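Student: Quick one: structure below, then a few questions.
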2 protein chains.
Amino acid sequence: MDILHRIGVEHASPEQVYDALTTLDGLAGWWTEKTTGTTDVGGVIEFHFGPGDIDMEVAQLDPGRSIRWKVVAGPDEWIGTHVQWDLRREGDYTIVLFKHEGWREPVEFMHHCSTKWATFLVSLKQLVETGTGAPDPRDLRISDWH
Amino acid sequence: MDILHRIGVEHASPEQVYDALTTLDGLAGWWTEKTTGTTDVGGVIEFHFGPGDIDMEVAQLDPGRSIRWKVVAGPDEWIGTHVQWDLRREGDYTIVLFKHEGWREPVEFMHHCSTKWATFLVSLKQLVETGTGAPDPRDLRISDWH
């Protein structure tokens, strides 16, 4: 079972979006301000949140085109799942196709993560378009689960 | 294949959220301003958007608890799919579990609709919490597909 999303980043090249997904500064600008680790293939990026950490191993990189992460630490339901980003130019937009794949069950937490990912993708779009995203702890609160 | 989401509406009862999902005024406050039709079981609600209309047959209603719609007109990929809303109280929140179920293929349009539903759920949350949502045509634009 997969979480799917699509956004279009206006007046932006695939390379600009790729940078926001593959550098510590970029990632800290839309997902969580506390981002550490190594962003090369085989490296592990640590995303620190209030409730806990998520560690992503960088499984594949195709510059300007795609990024694949393997979840190596985080919520139980996330372990072993993958996050895939595919980028392409479409007129004046860079289209971002997002997939968080390999969920074992459609648990309530999967519902929450789907909505939360959407708000973080909007944050990514705003970061690249305007220079300011809404990463944790300034992220949009969508429920009692934040 | 299903699109899943979860939001929590703060300081709101399940009945208030149910009203926003089962009255023309409520629906017009978060999804599209141009909402017409009949909201009883067996009725058809017509949601008018710039690019086209979506007609939902009201398949089931359980007051304060759940709503089920069957898509009877709209984009090809939507025909025959269902939208399910489940509501429950959790402390000071009403938790909304959302499912748009029965997609045949994980097409790019499904990615788009998943993200777009998330932004409309945030609009629903804002409507009930503050009195003002962001329905079409004042909705958040997420891409070239709007």
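The values are calculated or read from the model by the stated rules, or taken from the named source; none is laboratory data. Note that the structure is a prediction, hence the values are computed from the model and not measured. Counting neighbours? That spans all protein chains shown, and the Cβs are built from the backbone with ideal geometry, glycine included. Side chains included, ligands, DNA and RNA excluded: accessible areas come from the protein's heavy atoms. Shrake-Rupley method; radii C 1.70, N 1.55, O 1.52, S 1.80 Å.
Student: Would you check if A:Leu27 is in a helix (DSSP H, G or I), in contact with a Ser or Thr (Cβ under 8 Å, 6 or more places away or on another chain) and more than 14 Å from chain B (Cβ to nearest Cβ)?
Tutor: Yes.
Student: Separate question: Pull out all pairs, ordered by first then second residue, where Cβ-Cβ is under 6 Å, the residues are six or more apart or on different chains, the first lies in region B:47-61 and is in contact (Cβ under 8 Å) with a residue 12 or more places away in the chain, and the second is assigned to a loop (DSSP other than H, G, I, E, B) and aliphatic (A, V, I, L, M).
Tutor: Partner pairs satisfying both residue conditions: B:Val58/B:Val41; B:Leu61/B:Val41.
Student: Any idea which residue in region A:60-83 is surrounded by the fewest Cβ atoms within 10 Å (Cβ to Cβ), counting only those that are within 13 Å of A:Pro14 (Cα to Cα) and under 13 Å from the mean Cα position of the chain (by Cα)? Show your work before the answer.
Tutor: Going residue by residue through region A:60-83, those that are within 13 Å of A:Pro14 (Cα to Cα) are A:62-67.
Those still in the list that are under 13 Å from the mean Cα position of the chain (by Cα) too: A:66-67.
Numbers: A:Ser66: 17, A:Ile67: 22.
Checking each candidate, the answer is A:Ser66.
Student: When you scan region A:15-22, do you find a residue that is within 14 Å of chain B (Cβ to nearest Cβ), closer than 26 Å to B:Leu140 by Cα and exposed (fewer than 15 other Cβ atoms within 10 Å of the Cβ), even just one?
Tutor: no
Student: Only one of these conditions is not met by B:Gly52: (1) closer than 15 Å to B:Phe120 by Cβ; (2) surrounded by fewer than 21 Cβ atoms within 10 Å (Cβ to Cβ). Which number is it?
Tutor: (1)
Student: Right, something else. From the list B:Leu127, B:Leu121, exactly one residue is aliphatic (A, V, I, L, M) and more than 7 Å from every other protein chain (Cβ to nearest Cβ). Which is it? Even if it seems obvious, please write down each step before you answer.
Tutor: Working: B:Leu121 fails: more than 7 Å from every other protein chain (Cβ to nearest Cβ).
Exactly one residue qualifies, and that residue is B:Leu127.
Student: Would you mention how many residues in region A:114-146 are closer than 22 Å to B:His11 by Cα and open to solvent by less than 10 Å² (accessible area, probe 1.4 Å)?
Tutor: 3
Student: Another question about this same structure. How many residues, within region A:86-98, are surrounded by fewer than 20 Cβ atoms within 10 Å (Cβ to Cβ) and either without any contact (Cβ under 8 Å) to a residue 40 or more places away in the chain or touching a helix residue (DSSP H, G or I) at 6+ places or on another chain (Cβ under 9 Å) (or both)?
Tutor: Qualifying residue count for the region: 5.
Student: Quick one: B:Met110 ticks every box in (1) away from every other protein chain (no Cβ under 11 Å); (2) closer than 25 Å to A:Asp86 by Cβ; (3) in contact with a Phe, Trp or Tyr (Cβ under 6 Å, 6 or more places away or on another chain) except a single one, so which number is it?
Tutor: (1)
Student: List every residue pair whose Cβ atoms lie under 6 Å apart, where the two residues are 6 or more positions apart in sequence or sit on different chains, the first residue falls within region A:125-141 and is more than 20 Å from A:Asp53 (Cβ to Cβ), and the second residue, located anywhere, is of a type outside the set (Gly, Ala, Ser) and assigned to a loop (DSSP other than H, G, I, E, B).
Tutor: Final answer for the pair search is A:Leu127/A:Trp30.
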